[in-house]
């Protein structure tokens, strides 16, 4: 084979490889995840943004953290660090922990809490356990 034919075949091969690569990338971007909130929670993903790990402000079902801003017999509402809020439903199997085992009556407005539970489709959470955390001072700038 002469030199020109080899160069043409190499260029065609490279163009094909580039096309296959970008086609695969485009196909991957077009696929929407079929994971539900429970699957995302198992992977530590935020069910709205798909981000991994604990988001500041605790906005996902696996672990939610914030300050209690209201409470009743069946739920508490917490203020997240990003100034949003989340409703947390309390059940008979919900445990409340502190240095010693607590109870739902230990949950008070202004308390900092961390919640583990199951995310609901409306963004609320069914609590499995609640950890009352010590209030930490705000760093002044």
**Request:** Report whether or not residue 56 is loosely packed, with under 13 Cβ neighbours inside 10 Å, modelled with pLDDT under 85 and assigned by TED's automatic domain parsing to the domain that holds residue 106.
**Result:** yes
**Message:** Going residue by residue through segment 75-84, is there one that turns out to be modelled with pLDDT under 90, closer than 19 Å to residue 134 by Cα and either buried (at least 17 other Cβ atoms within 10 Å of the Cβ) or over 17 Å from the mean Cα position of the chain (by Cα) (or both)?
**Reply:** yes
**Request:** Would you mind finding the one in 64, 99 that is surrounded by 15 or more Cβ atoms within 10 Å (Cβ to Cβ) and at pLDDT below 90?
**Result:** 64
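The values are calculated or read from the model by the stated rules, or taken from the named source; none is laboratory data. Treat the numbers as computed from the prediction; the structure is a model and nothing was measured. Heads up, the Cβs are rebuilt from the backbone with ideal geometry, glycines too, and the neighbour counts pull from every protein chain shown.
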